[in-house]
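Have a look at the structure below, then the notes.
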Amino acid sequence: MSLNPVRAAAQESIVTRENLIDGRWQPASDGRTVDVVNPSDGQVFARIARGTAADIDAAVRAARKAFEEGPWSRMTAVERGRILTKLGAKILEHFEELAQLEAADTGKPMKQARADITAAARYFEFYGSAADKFHGDVIPFLDGYMVTVVRDPKGVTGHIIPWNYPAQMFGRTVAPALAMGNCTVLKPAEEACLTPVRLAALAMEAGLPPGVLNVVTGIGEEAGAALSSHPGIDFLSFTGSPEVGTLVQIAAAKNHIGCVLELGGKSPQIVFDDADFDAAVPVVVNAIVQNGGQTCSAGSRVLVQKAIYDKFVGRVAERFAQLRVGSSTMDLDCGPLISATQKKRVSGFIERAANDRIGVLAQAKVADGAPADGYYVAPTLFGPVPRENALAREEVFGPVLSIISFEDEADAVKLANGTDYGLVAGIWTANGGRQMRVAKAMRCGQVFVNGYGAGGGIELPFGGVKKSGHGREKGFEALREFCHSKTIVFKHG
Ligand code: NAD
């Protein structure tokens, strides 16, 4: 059967993005590709290289050569910082182009895509200027000795990132690794990786030497598994699901290397009876709707004190019902989910909640004009959700918000800490003592008081405990992950 000529012409004009290995763009070793779909309309609009184990091997070798022989790890931190800062400026020069690419690839509304490109630039500005400000130590020791502790780069670092914030994730993991003098191999997600590929091209233009940043696109079980198990890697940085995080950690253990894992979350927002509703309601709603709920730090559980339950939940429901969902270019409150698979998964949670007879308090609308083949799911507010129900404990990774009620402060703390995850928590109360007590009691990596910043803040150390992962990204903490200390003892008599 021959292809319709219009579709055939469209297919012909689709661009294929190649891998970046040792400063050269090249197709996958076996020439295979993966189709890239726009989640807003379900149409293929680009192709990427389907990287192989041989491509990963070539990329790791190039990074090793660059690390051992090239100028990067020997440059002064000031010089490295200048190149990273230049990349930050280049990202801003190409701002609109990158935002449109990110929106087409992920389906996110344009305003979110623009915010993400600003954040990607910020990572390079921040780590460009931090490169020469992360110092070693001098240790007082025995008489006649001088002891210094210097920070050496790990060497060749492997980076595996997800599809939800491709541009931001690129900056978040690659910028601190480069700032410390490492040479890197990145495997972005097959569902959305066009901005990381474009950012790598801009990095070359900014003056990054060949081999310092290599990008191999493709399938997780192929290129991703080959990267995480490669014996030439000195450290791994992984962001994604807890299931794949386990595989990456096993692979790291087999090579006796360390890893930082940023996994999922079921982050609570605790609303006490003295909370400022006007401040809390829009933030609580946005924290689940941002990026269609496909944010690891989404505020996906709202714990509400019994005394204000009806009043507060009524306000949230009112706002929820007004949300509008549409394509990235319609630029509404919420875009589509990333793929048909993700739509099915999230819809499954909604159907099971209905079967469990959990009340739907509000449901937003998919706007007229949203393309029929896009992966849209209407944001849905459930409550009261029983504490043991999947909606109260499992990560949905979609625009589904669970409301759960609590009695008092002790009950709230127990409930907030009572899942397998521990990434972020929000606390809404005017009581200063309670703010301190509850913040200290949270078992997670970040706590916001009277605010919530899902994904925000390049300067703020970020990461999880329990099933949310370990190690820290962002801020100066990330620089610590990408180096090891070396103690040098001088006996001078
Ligand atoms: P995923 O784990 O399936 O994929 C993440 C990355 O791992 C992709 O690049 C994928 O190609 C790769 N991968 C898949 N199988 C692999 C394998 N066997 N070996 C090596 N690499 C492999 O996750 P996802 O579906 O892309 O993202 C959703 C999940 O990621 C959610 O659970 C979410 O909470 C989590 N996430 C966490 C953070 C964070 O910062 N903590 C950020 C974004 C997403």
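The values are calculated or read from the model by the stated rules, or taken from the named source; none is laboratory data. Please read these numbers as outputs of a predicted model, since none were measured by experiment. Because the Cβ atoms are built from the backbone with ideal geometry, glycine has one as well, and the counts that use them run over all protein chains shown. Quick note on the areas: whole protein, heavy atoms, side chains included, nothing else; ligands and nucleic acids left out. Shrake-Rupley method; radii C 1.70, N 1.55, O 1.52, S 1.80 Å.
Here are the numbers:
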read-out	value
Residue in region 415-424 that is of a type in the set (D, E, K, R), open to solvent by 30 Å² or more (accessible area, probe 1.4 Å), in the same structural domain as Leu303 (by TED's automatic domain parsing) and within 28 Å of Thr239 (Cα to Cα) present	yes
Looking only at region 425-461, and only at residues there that are farther than 21 Å from Pro282 by Cα and in contact (Cβ under 8 Å) with a residue 60 or more places away in the chain, the one that is least open to solvent (accessible area, probe 1.4 Å)	Val438
Pairs, first open to solvent by 70 Å² or more (accessible area, probe 1.4 Å) in region 381-403, second of a type in the set (S, T, N, Q), C-beta under 8 Å, six or more apart	Pro384/Ser405; Arg393/Thr419
Residue in region 326-346 that is over 19 Å from Thr429 (Cα atoms), away from the ligand (no atom under 15 Å from the Cβ), assigned to a strand (DSSP E or B) and not β-branched (Val, Ile, Thr) present	yes
Top-ranked residue in region 65-78 [being of a type outside the set (Gly, Ala, Ser) and assigned to a helix (DSSP H, G or I); ranked as least open to solvent (accessible area, probe 1.4 Å)]	Trp72
Enumerated strands (runs of 3 or more DSSP E) restricted to region 399-464, each holding at least 1 residues that are modelled with pLDDT of 95 or more and among the small types (Gly, Ala, Ser)	400-406, 424-428
Residues of region 297-343 satisfying the condition of being within 22 Å of Leu101 (Cα to Cα), among the hydrophobic types (A, V, I, L, M, F, W, C), open to solvent by less than 10 Å² (accessible area, probe 1.4 Å) and more than 19 Å from the chain's Cα centre (by Cα)	Val325
Residue, nearest to the ligand (Cβ to nearest atom), within region 227-241, restricted to residues that are within 21 Å of the chain's Cα centre (by Cα) and surrounded by 19 or more Cβ atoms within 10 Å (Cβ to Cβ)	Gly240
Pairs, first among the polar types (S, T, N, Q) in region 227-246, second within 11 Å of the ligand (Cβ to nearest atom) and open to solvent by 30 Å² or more (accessible area, probe 1.4 Å), C-beta under 8 Å, six or more apart	Ser228/Leu247
Region 465-493, residues that are among the hydrophobic types (A, V, I, L, M, F, W, C), more than 13 Å from the ligand (Cβ to nearest atom) and part of a helix (DSSP H, G or I)	Leu479
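Residues are listed down the side, and each one gets a yes or a no for (1) crowded, with 16+ Cβ neighbours inside 10 Å; (2) out of contact with any helix residue (DSSP H, G or I) (no Cβ under 6 Å at 6 or more places or on another chain); (3) part of a helix (DSSP H, G or I):
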residue: Arg80; (1), (2), (3): yes, no, yes
residue: Leu84; (1), (2), (3): yes, no, yes
residue: Ile91; (1), (2), (3): yes, no, yes
residue: Leu98; (1), (2), (3): yes, no, yes
residue: Ala115; (1), (2), (3): yes, yes, yes
residue: Ala119; (1), (2), (3): yes, no, yes
residue: His135; (1), (2), (3): no, yes, no
residue: Gly158; (1), (2), (3): yes, no, no
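Per-residue answers, yes or no, for (1) modelled with pLDDT of 95 or more; (2) not small (Gly, Ala, Ser):
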{"position": "Arg7", "(1), (2)": "no, yes"}
{"position": "Trp25", "(1), (2)": "yes, yes"}
{"position": "Asp35", "(1), (2)": "yes, yes"}
{"position": "Val44", "(1), (2)": "yes, yes"}
{"position": "Arg61", "(1), (2)": "yes, yes"}
{"position": "Arg64", "(1), (2)": "yes, yes"}
{"position": "Gly70", "(1), (2)": "no, no"}
{"position": "Arg80", "(1), (2)": "yes, yes"}
{"position": "Ile83", "(1), (2)": "yes, yes"}
